[in-house]
Amino acid sequence: MPTSRRYVLAISVVVLLAIVAVAGYWYQARRALPGQSSTGMTVNVTSGADRGPGSMREALFLVAAANERATISLQVPRIALETALPPIVSAHGLRIVAQAPGTQIDARALKSVAALDVAGSNISIEGLAIRNCSGAGILLRAVHFNLESTTIEACDVGVDVAENASDVLLERNRFVGNRIGVRFAGAAANTSVVKNEFSGSKDAGLWAVRSASEERSAAINVRENRFTDDRTGMVVGNIPLLIERNEMNNAREAAVHLVGAGAVVRGNRINGGASMGVVAENAHAAIIDDNEMAGLTAYGIMVRGSSNTLVRNNRLQTCGYGMAFVLNDAKSPSTAVENTVIEPKFNGIDVIGDSPILRRNHVLRPHALALKVQDFQQPGGQTVVAKPFLDNNAFGAPGSAGPTGATIASDTQVRTADVVSSR
């Protein structure tokens, strides 16, 4: 073979090898990109219509039949639903994500059904705005669900979590003007509600109520959320919740209303509002601990008809009243220890037909009475005697930081270390 031909052939082999190497590198790089077929199926929603090619409905049918993890990429600004979408399912997991600047799902045409019905496990949703639902924005009846950076507005219920759901994360979402922002039908194991914003809820920002107690279940973690201008921030009954480090502003009835067993309210900031801070009503073994409350019109904390409730280390400033203990279970008394009530507009602590244990509490500069103890006259004529046990409290007189000023029933148990005087 002539030298020139051998030279050309050698050059050709080198070029071919280079092409193969570049192609291999390109293929590996493509494999690493999210949304490619090698790592999962991607379906683009390019139509805002209720049905047809490129619609959300068509995308849900396609991913339901997929044999790999799927992504639905919403690439339209608005989707107008006319009829209910099929349930969201995927045998291998599904991510629904709206591309910037987001996608609005308008559900005003639906009648009392959910805009999105999450029936399959391992589903995540992010970046949507769901509005105008006469039913739920999202009905969740599966495990391993994540909702992030989504707005749900003007719906009956924002996220309705069924009793069989678990492993749920609701993070950095906005719930605006719904009747209820998030509702739990039961204890959802490994579930967190974190850094969301609730505002203008007609009934409650968060509702977690069932008829029977679930004390032994793991608590739902509700932390670092903000509640503003809701009728009630949270209503909790017989579903264990750990409510920590939330900010609650201007609730119209109560920031937190506890009923039944299982709740811990700890380290929250409660400001303003036409009514109360934390209400424990017919509650059992509730813990209200280390909260700060200011500017409430009525009571900062009310414990009514409850048993074995602990009220500890709370700080209440410039509220209408400080704390109240009303008609609780004398056999399992509630305890208030090391709370500080500063400048209440009326009484610091009211005890009405109850026998709580009050230890090392401070009431400073009350405008009326630091402590008021009175019996309760029932409609049938029977009297429920108030007999609190007082130990090492400091009760200040009106307008004074000094330890005087209280009215106490004659049979109240008072240790000599208490600093009180009759008025």
*asked:* Can you tell me how many residues within region 358-383 are crowded, with 16+ Cβ neighbours inside 10 Å and β-branched (V, I, T)?
replied: 2
*asked:* Within region 395-411, does at least one residue satisfy the condition of being at pLDDT 85 or above and not acidic (D, E)?
replied: yes
*Can you tell me which residue in region 287-306 is nearest to I357 (Cα to Cα), limited to those that are crowded, with 19+ Cβ neighbours inside 10 Å and among the polar types (S, T, N, Q)?*
S306
*asked:* Need pairs with beta-carbon distance below 7 Å; first residue touching a residue at least 12 places away in the same chain (Cβ under 8 Å) and of a type in the set (S, T, N, Q) and within region 278-291, second crowded, with 24+ Cβ neighbours inside 10 Å and outside any strand (DSSP E or B); sequence gap 6+ or separate chains.
replied: N282/S306; N291/N268; N291/N314
*asked:* For region 145-174, which positions are more than 27 Å from A212 (Cβ to Cβ) and not hydroxyl-bearing (S, T, Y)?
replied: N146, L147, E148, I152, E153, A154, C155, E171, R172, N173, R174
*Would you please name the residue that is farthest from the chain's Cα centre (by Cα), looking only at residues in region 166-178 that are outside any strand (DSSP E or B) and crowded, with 18+ Cβ neighbours inside 10 Å?*
N178
*Hits in region 277-286 - residues which are surrounded by fewer than 22 Cβ atoms within 10 Å (Cβ to Cβ) and not in a loop (DSSP other than H, G, I, E, B)*: E281, N282, H284
*Can S213 be described as part of a loop (DSSP other than H, G, I, E, B), farther than 18 Å from G93 by Cα and either acidic (D, E) or touching a residue at least 12 places away in the same chain (Cβ under 8 Å) (or both)?*
yes
*Given the conditions (1) over 22 Å from G177 (Cα atoms); (2) in a loop (DSSP other than H, G, I, E, B); (3) touching a Ser or Thr at 6+ places or on another chain (Cβ under 6 Å), and given that A274 satisfies all but one, which numbered condition is not satisfied?*
(1)
*asked:* Filter region 278-297 down to the residues that are touching a Leu at 6+ places or on another chain (Cβ under 8 Å) and within 10 Å of V265 (Cβ to Cβ) and list them by number.
replied: V278, A280, A286, I287, I288, D289
_Filter region 228-243 down to the residues that are part of a strand (DSSP E or B) and either surrounded by 18 or more Cβ atoms within 10 Å (Cβ to Cβ) or touching a His at 6+ places or on another chain (Cβ under 8 Å) (or both) and list them by number._
T228, T232, G233, M234, V235, V236, G237, L241, I243
_Suppose we filter G24, G48, G93, G52 for residues that are modelled with pLDDT of 95 or more, over 23 Å from N132 (Cβ atoms) and either out of contact with any Phe, Trp or Tyr (no Cβ under 6 Å at 6 or more places or on another chain) or of a type in the set (A, V, I, L, M, F, W, C) (or both); which single one remains?_
G93
*Looking at D329, is it crowded, with 18+ Cβ neighbours inside 10 Å and under 23 Å from G260 (Cα atoms)?*
no
*asked:* Against the condition basic (K, R) and either buried (at least 24 other Cβ atoms within 10 Å of the Cβ) or closer than 20 Å to R172 by Cα (or both), how does R252 come out, does it pass?
replied: no
_Go through region 121-148 and report how many residues are over 20 Å from V45 (Cα atoms) and either crowded, with 17+ Cβ neighbours inside 10 Å or among the acidic types (D, E) (or both)._
12
_Can you pull out every residue in region 179-210 that is in contact with a strand residue (DSSP E or B) (Cβ under 6 Å, 6 or more places away or on another chain), surrounded by 17 or more Cβ atoms within 10 Å (Cβ to Cβ), aliphatic (A, V, I, L, M) and assigned to a loop (DSSP other than H, G, I, E, B)?_
A188
_Can you pull out every residue in region 105-138 that is under 20 Å from the mean Cα position of the chain (by Cα) and either of a type in the set (S, T, Y) or at pLDDT below 95 (or both)?_
S124
_Filter pass, A251 being at pLDDT 95 or above, among the small types (G, A, S) and not in a strand (DSSP E or B)_ = yes
_Tabulated pairs, region 243-272, first within 22 Å of S307 (Cα to Cα), second outside any strand (DSSP E or B) and among the hydrophobic types (A, V, I, L, M, F, W, C), C-beta under 6 angstrom, 6+ apart or interchain_ = L258/A286; A261/A285; A263/A286
*Just checking, how many residues over region 298-327 are in a loop (DSSP other than H, G, I, E, B), closer than 14 Å to R266 by Cβ and touching a Ser or Thr at 6+ places or on another chain (Cβ under 6 Å)?*
1
*Got a number for residues in region 337-369 being assigned to a loop (DSSP other than H, G, I, E, B), touching a His at 6+ places or on another chain (Cβ under 9 Å), among the hydrophobic types (A, V, I, L, M, F, W, C) and within 20 Å of D391 (Cα to Cα)?*
0
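The values are calculated or read from the model by the stated rules, or taken from the named source; none is laboratory data. Keep in mind that what you see is a predicted model, and the values were worked out from it rather than measured. Reconstructed Cβ throughout: ideal geometry from the backbone, glycine too, with neighbour counts over all protein chains shown.
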